[in-house]
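Take a look at the structure below.
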Amino acid sequence: MTDERAGRTEAYDYELPAELIAARPAARRDASRLLVLDRARRRFTDAAFPALLERLRAGDAVVVNDSRVFPARLLGRKPTGARAEILLVRPESDALHPFAPFDEADTRLWRAMVRPGGKLKPGRTVDIADGFAVEILDSAPDGTRLVRLAGDDDPWSLIQRHGRVPLPPYIVRDAPDVPDAGRDGAWRACDDAEDRERYQTVYAAPAGSVAAPTAGLHFTPETLAAIEARGVRLVSLTLHVGFGTFRPVTADRIDEHEVAPEAYSFSPDAAEALNAARAAGGRVFAVGTTSCRVLETVVAGGGGRGGGPPAGGPFAPGRGWTDLFIRPPYTFRAVDALVTNFHLPRSSLLMLVAAFAGRELTLEAYAHAIRERYRFYSYGDAMVIT
């Protein structure tokens, strides 16, 4: 049956009590809850995250995004003394390949998001610390700024020393180490030592993301070892999560929205492992919407809309940029099961989940999670859709 409403943004809205937004991670990574959604049976099961292992069988493959979050958030002041915030998005240098190590490249020029956006015009400067300032050079139609990092040390060292974990804006808490932070909305969601460990997956490798691939935050080294012990392939790819993850879908129709390109890398070893799993009858579990988007980009015939060949590969190695926006209707060719967190209303991430599970069933699952008091968003609980 065709869902006539699926093309409208308003059809992906829901009401969430504010107290269900997780401001802190669970006591342990694997202590999160897991909502198991069986698409074929249209059935929900409440479980704990380790129950994910029970859904895996020998020959399957679990695919994770190993991108590392870097301290992209710079808090400073304008010459007037007013507070300002710079969120570094990606290096701007034409010579910088998306996967060149940041500490080996010229990272003085950056594309960034700024707050307050209306006042940080080209020519303005934000002082971050003694010997470290950010100069606003130019603005772009997408709302970002071209900025230059000016300081006494190399740019990457300055970012590491003075940058903060780029927590998403819906995490609101007091930050006693930042003067008057609790009275300024732009500075309220400030990181601490716990965030520097927990807003990062245990398998994070190349730096490049400004938001964590949050479905992976639930995995521990022990969980990963248990997955491999079951005869399941553990496969890594990289997608550097960019500022597009913060962009709400504001168009009335979802097909009018564009997803900002994000850099990805999918190795020959990863392609070989997934092709072997498929040839042996194994299923592909994507951990997170980021992993899902890469897999759908690199599979033969991937990125198509509706119709087309069924899932089955082959997967091809590659690296580059993907702006694939997966929303209903979509024929998945790479992914058989999806591990994901609970996403914001009207977001492109929720639309991807709806494309995989069906819009109505997805919203039913979200309503169930709200009734059962699941924790939502980045530090919240998880769902596996099979």
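Have a look at 260, 270, 286 and point out the one that is out of contact with any His (no Cβ under 8 Å at 6 or more places or on another chain) and either among the charged types (D, E, K, R) or assigned to a helix (DSSP H, G or I) (or both). Result: 270 is the single residue among 260, 270, 286 that is out of contact with any His (no Cβ under 8 Å at 6 or more places or on another chain) and either among the charged types (D, E, K, R) or assigned to a helix (DSSP H, G or I) (or both).
Please verify whether residue 304 is surrounded by fewer than 21 Cβ atoms within 10 Å (Cβ to Cβ), modelled with pLDDT under 90 and under 23 Å from the mean Cα position of the chain (by Cα), treating the condition exactly as stated.
On the way: surrounded by fewer than 21 Cβ atoms within 10 Å (Cβ to Cβ): yes; modelled with pLDDT under 90: yes; under 23 Å from the mean Cα position of the chain (by Cα): yes.
In short, yes.
Tell me which strands (runs of 3 or more DSSP E) are completely within the range 106-173 and hold 3 or more residues being under 16 Å from residue 210 (Cα atoms), or say none if there are none. Even if it seems obvious, please write down each step before you answer.
On the way: elements: 109-115, 125-129, 132-139, 145-151.
Per the criteria, 109-115.
The range 1-71 holds strands (runs of 3 or more DSSP E) entirely within its bounds, and those carrying 3 or more residues that are buried (at least 17 other Cβ atoms within 10 Å of the Cβ) and in the same structural domain as residue 377 (by TED's automatic domain parsing) map to 33-38, 61-65.
Condition test on residue 218, is it over 30 Å from residue 146 (Cα atoms) and in contact (Cβ under 8 Å) with a residue 40 or more places away in the chain? Criteria met by residue 218.
Inspect all residues belonging to the range 117-125 and state whether any of them is within 26 Å of the chain's Cα centre (by Cα), of a type outside the set (Gly, Ala, Ser) and at pLDDT 95 or above.
We begin by selecting, within the range 117-125, every residue within 26 Å of the chain's Cα centre (by Cα); these are 117.
Of the ones still in play, those that are also of a type outside the set (Gly, Ala, Ser) are none.
For the range 117-125, residues within 26 Å of the chain's Cα centre (by Cα), of a type outside the set (Gly, Ala, Ser) and at pLDDT 95 or above: absent.
Yes or no: residue 172 within 19 Å of residue 89 (Cβ to Cβ) and either touching a His at 6+ places or on another chain (Cβ under 6 Å) or of a type outside the set (S, T, N, Q) (or both)? Walk me through it before giving the result.
Working: within 19 Å of residue 89 (Cβ to Cβ): no; either touching a His at 6+ places or on another chain (Cβ under 6 Å) or of a type outside the set (S, T, N, Q) (or both): yes.
Considered against the rule, which asks whether it is within 19 Å of residue 89 (Cβ to Cβ) and either touching a His at 6+ places or on another chain (Cβ under 6 Å) or of a type outside the set (S, T, N, Q) (or both), residue 172 comes out as no.
For the range 221-257, enumerate the residues that are in a helix (DSSP H, G or I), under 23 Å from residue 9 (Cα atoms) and touching a residue at least 12 places away in the same chain (Cβ under 8 Å). Within the range 221-257, 243, 244, 245, 246, 254, 255 meet the criteria.
The values are calculated or read from the model by the stated rules, or taken from the named source; none is laboratory data. Owing to the predicted nature of the structure, the values given are computational and were not obtained by experimental measurement. Here Cβ is always computed from backbone atoms with ideal geometry, including for glycine, and neighbour counts include all displayed protein chains.
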